[in-house]
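S.K.: Got a structure for you, questions after.
Read the figures in this text as sums done on the coordinates, not as results from a lab. All figures in this text were calculated on a predicted structure; none of them were measured in a lab. Every residue, glycine among them, receives a Cβ derived from its backbone with ideal geometry; neighbour counts consider all protein chains shown.
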Amino acid sequence: MMKKFKGTGVAVITPFKSDLSIDFAAMGRILEHLITGGVSYIVLLGTTGESPTLSRDEKSALLSFTVETIGGRIPLVLGAGGNNTSETVTSIRSADLEGVDAILSVAPYYNKPCQKGIYQHFRQISMASPVPVILYNVPSRTASSILPETCLQLARNCENIIGIKECSGSFENVMKIIRDKPDEFLVISGNDMEILPFAAAGGSGVISVLANAFPAECSEMTQQALKGNFSMARAIQLKYLELTEILVAEGNPGGIKAIMSFMNLCHNYLRLPLVPVSRTLQARIARAVGAVRK
């Protein structure tokens, strides 16, 4: 299981047509682009996939399409979280998870639960899920944080909780988890900028946004970092540094959709309340894309 999700996962976008319906033709191209680029696994219906704006029927159709397109060639992780524990558990139990290798479940947001509540929330999800569970800690979005002690307690007590996507920005917390975790427990960066330090600390890789556009390059960087070849990994990181920085300058997935539209992988449409990046940032992105593609 550790090998299955070690390396570069991709938080895949959801492409839209001009009428804002899902562009399945573009989705097919993107999935093939990612698989050909050598990514380790795909994460569907995450934040980058604009999952809050998708209906239940759209999510089901997108999952079916992705499972069929991937055809078991690489692992698939499905975003499945919420701030209503009962509703999340029901959703997981009723979902068709055939072809899904794990779920990624975000810390409950807005409610601001205490650590006991967060622990019980994920314990219920663990008991409901027929596939492995990866925790997702992103306090900047959720206003709640899975502290190292809670993460470690879940890792020890719930056999199918196999890892955490860590976006707390606290390397102290990351190091505490890595120091005390079970051997096979995965600690995954959720930030493209932090691939090298995560690998140096003993992390397991990244769930990347940038890899939507540059899967081969991001995969190579992560693999070199995990092997300890930091000079090679650093050279790739520095080449893509500006793109990585401006990727989120006006929010995600606005930046990556702008990049991918310049690369003719999809159209630059987002669903409200998200909007495309400004013309100023579009011009900067176009120059940065041109620079790395020379």
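S.K.: Per the helix-only calculation at 222 nm, which mean residue ellipticity applies to the chain, given -39500 (n - 2.57) for every DSSP H run of n ≥ 4 and division by its residues, nearest 500 deg cm²/dmol?
M.R.: It lands at -13500 deg cm²/dmol.
S.K.: Hey, fewest Cβ within 10 Å first, where do V10, V89 land in order?
M.R.: With the sparsest Cβ surroundings first, the list reads V89, V10.
S.K.: A further question on this structure: Using only Cα atoms, figure out Rg for region 166-294 and give it as a multiple of 2.2 N^0.38 Å.
M.R.: 1.13
S.K.: Full extension from Q120 to D57: what is 0.36 nm times the residue separation minus their Cα-Cα distance, to one decimal in nm? Don't skip to the end; give the middle numbers.
M.R.: On the way: separation 63, 0.36 × 63 = 22.68 nm, distance 2.88 nm.
Gain in length upon complete extension: 19.8 nm.
S.K.: Taking the Cα centre as origin and putting +1 on Lys and Arg beta-carbons and -1 on Asp and Glu beta-carbons, what dipole magnitude results for region 129-200, to the nearest 20 debye?
M.R.: Around 140 debye, computed over region 129-200.
S.K.: Of D183, D192, D57, D23, how do they rank once you tally other Cβ atoms within 10 Å and put the fewest first?
M.R.: Exposure proxy ranking, most exposed first: D183, D57, D23, D192.
S.K.: May I ask for the net charge around D96, where only other residues with Cβ less than 15 Å from the Cβ of D96 are counted and Lys, Arg are +1 while Asp, Glu are -1?
M.R.: Details: positive: R56, K59, R93; negative: D57, E58, E68, E98, D101.
Neighbourhood net charge equals -2.
S.K.: Relative contact order (percent) for the chain, with alpha-carbon contacts under 8 angstrom and 6 or more residues of separation?
M.R.: 19
S.K.: Here's a follow-up. Pairs to check: K59/K112; K116/K227; K17/K227; K4/K257; K176/K227; K116/K257. Give those whose C-alpha atoms are more than 29 Å from each other in this structure.
M.R.: Beyond 29 Å between Cα atoms: K116/K227; K17/K227; K116/K257.
S.K.: Next question, about the same structure. Determine the sum of side-chain charges near I285: Lys and Arg each +1, Asp and Glu each -1, restricted to other residues whose C-beta is under 14 angstrom from that of I285.
M.R.: That works out to +2.
S.K.: Something else about it: Translational D (Stokes-Einstein, µm²/s) of the chain at 20 °C and 1.002 mPa s when Rh comes from the Kirkwood sum over C-alpha pairs?
M.R.: In µm²/s, the coefficient is 112.
S.K.: Go ahead and run the numbers for FRET between L20 and E172, Cβ-Cβ distance against an R0 of 30 Å, rounding to 0.05.
M.R.: With a Förster radius of 30 Å, E is 0.10.
S.K.: Report the Cα-based extents of region 130-221 along its three principal axes, largest first, to the nearest Å.
M.R.: The Cα atoms of region 130-221 stretch 37, 28, 25 Å along the principal axes, largest first.
S.K.: In whole Å, how far is the Cα centre of region 21-37 from that of region 128-150?
M.R.: About 28 Å separates the Cα centre of region 21-37 from the one of region 128-150.
S.K.: How large is the dipole of region 7-229 about the Cα centre if only Lys and Arg carry +1 and Asp and Glu carry -1, each at its Cβ, rounded to the nearest 20 debye?
M.R.: 540
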